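Encoded as structure tokens, the structure appears first; notes follow it.
Throughout, read-outs are computed from the coordinates displayed, never taken from laboratory work. Please read these numbers as outputs of a predicted model, since none were measured by experiment. Heads up, the Cβs are rebuilt from the backbone with ideal geometry, glycines too, and the neighbour counts pull from every protein chain shown.
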Amino acid sequence: MTTTGIDGSAMFRERTDQVLGGLSSTGQLKHLQTIEGPMGPRITIRDRGEVDCFCSNNYLGLANHPEVVEAGIEGLRKYGAGTASVRFICGTFQPHEHLENVIAEMLGVEASYTFVSCWTASEALFPTLCDPGDMIISDALNHACIIDAMRLATVIKKGVHKAVYQHSDMDDLRRVLSEARANADVTGVLWVVTDGVFSMEGDLGRLPEIRALCDEFGAMLVVDDSHGTGVMGETGRGTHEHWGMKGAEIDLFTGTLGKALGGGAGGYIAGSRAAIDLIIQRGRPTLFSNALPVTVACSAARAIELLMSEPERVARLRANVKAARDGIREVGFEVLESPTAICPIIVGETATAISMSNRLLDMGVFAIGFGYPVVPEGEARIRVQISAAHEPEHIERLIGALRTLKSES
Ligand SMILES: *Cc1c(COP(=O)(O)O)cnc(C)c1O
């Protein structure tokens, strides 16, 4: 017995038993599939064998592209495993600089800076660039990394405010902006932040309207285009290109290298030279955390170069997305109309989504069911994600499996 009468390890044991037991008994326990081989339209899952993959963010099929792989290997040979340092001490290799130039060029902005993930990039952005008196204004469905970065900003800098507007509701955004400007405590910069492509709905941030409101209220616009970069717009530059906007019309971008742009890992902030300089000088993740691994920097730079030199990948993705959406509707499922590569099929309860995704996997189609807390209760869904690497046969098998699922329901 402890002197306080409280046994922390027993208490914790009880906690894990309760949470995990609860998830298990209600059919909500996630099972991590182990993949034996590279990511691609067809993958090998341990104890399952080969299946068609519809749940990766490998939108352009670059994760296992020979040039992307080779660039990583060359980087590893030339520079070794890493810098063993944070960037400002002795942790910047030439490939980091090259990658950051390539990202800035792709987006049409002055500068960029990379991190080990987009999550980290978000946690660098808001706490560093916001000051007391500022307010961060966020779409209700923004990615978890934005939500947590906003919370962090308010803790690291007391007097940073935050507010949320209803998802893609421009009247509500106007209301929040007006109230912010009428608030005597909000004397600083207003920051409006939105996902470019919303990861669970597969819909688009309404960037031109948000930009206009930002201009009207003198606010800065931050777009996390993790699911849009490489996917949206004629040349895959991202959601702003889809809307006919230039990169410079977005004050700051965040994005990931762990999706369309090679799929390794890593994230970035991109925008004005001054903003990036402030991040380099003052960002806690830049000052206290290691650089992106050089293999990833080399692979990601090559992936972006492939995107820019071979825009036909983006066109193929667009055609695949249309074929998949049409097919999903044809077999009788509802899927949101949108040009993005994310096709969510809403099914209701978390357990239903999980059992449907298990049934799909039995039929050789790998698409994950998402439930609470990733999406609200009652809105669980199967999220189907399309890649430029899918051939017609893969999409036909997806539609065939969904047809069977529909006939069984
Ligand atoms: C996937 C995603 C992230 C996370 O990116 P990582 O690089 O894996 O941390 C951040 N923001 C959005 C909008 C995303 O979709």
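The single condition from (1) touching a residue at least 12 places away in the same chain (Cβ under 8 Å); (2) away from the ligand (no atom under 16 Å from the Cβ); (3) over 20 Å from the mean Cα position of the chain (by Cα) that S289 fails is (2).
Checking each residue in segment 98-126 for being more than 19 Å from A248 (Cα to Cα) and away from the ligand (no atom under 16 Å from the Cβ) picks out only H98.
When the residues of segment 202-225 are filtered to those that are touching a strand residue (DSSP E or B) at 6+ places or on another chain (Cβ under 7 Å), assigned to a helix (DSSP H, G or I) and away from the ligand (no atom under 16 Å from the Cβ), the one that is nearest to E334 (Cα to Cα) is R211. Among the residues of segment 256-279, the ones that are part of a strand (DSSP E or B) and either of a type outside the set (A, V, I, L, M, F, W, C) or within 10 Å of the ligand (Cβ to nearest atom) (or both) come to 4 in all. Restricting attention to segment 266-296, the residues that are under 15 Å from L62 (Cβ atoms) and either surrounded by 24 or more Cβ atoms within 10 Å (Cβ to Cβ) or among the charged types (D, E, K, R) (or both) total 2. Residues that are surrounded by 14 or more Cβ atoms within 10 Å (Cβ to Cβ) and assigned to a helix (DSSP H, G or I) within segment 384-395 comprise H394, I395, listed in sequence order.
Taking each residue of segment 229-255 that is without any contact (Cβ under 8 Å) to a residue 12 or more places away in the chain and looking for partners that are surrounded by 24 or more Cβ atoms within 10 Å (Cβ to Cβ) with beta-carbon atoms closer than 8 Å, six or more apart or interchain, yields E241/M232. Within the option set G247, G228, being within 16 Å of the ligand (Cβ to nearest atom) and of a type outside the set (V, I, T) holds for one residue only, G228. Do we have L306 as in a loop (DSSP other than H, G, I, E, B) and within 30 Å of E74 (Cα to Cα) here? So L306 fails the test.
Taking helices (runs of 4 or more DSSP H) as the structural unit, those lying wholly within segment 111-201 and holding at least 2 residues that are more than 23 Å from the chain's Cα centre (by Cα) and crowded, with 16+ Cβ neighbours inside 10 Å correspond to 170-182.
Please determine whether any residue of segment 47-61 is more than 16 Å from the ligand (Cβ to nearest atom), closer than 29 Å to S289 by Cα and either crowded, with 17+ Cβ neighbours inside 10 Å or not small (G, A, S) (or both). No: zero hits.
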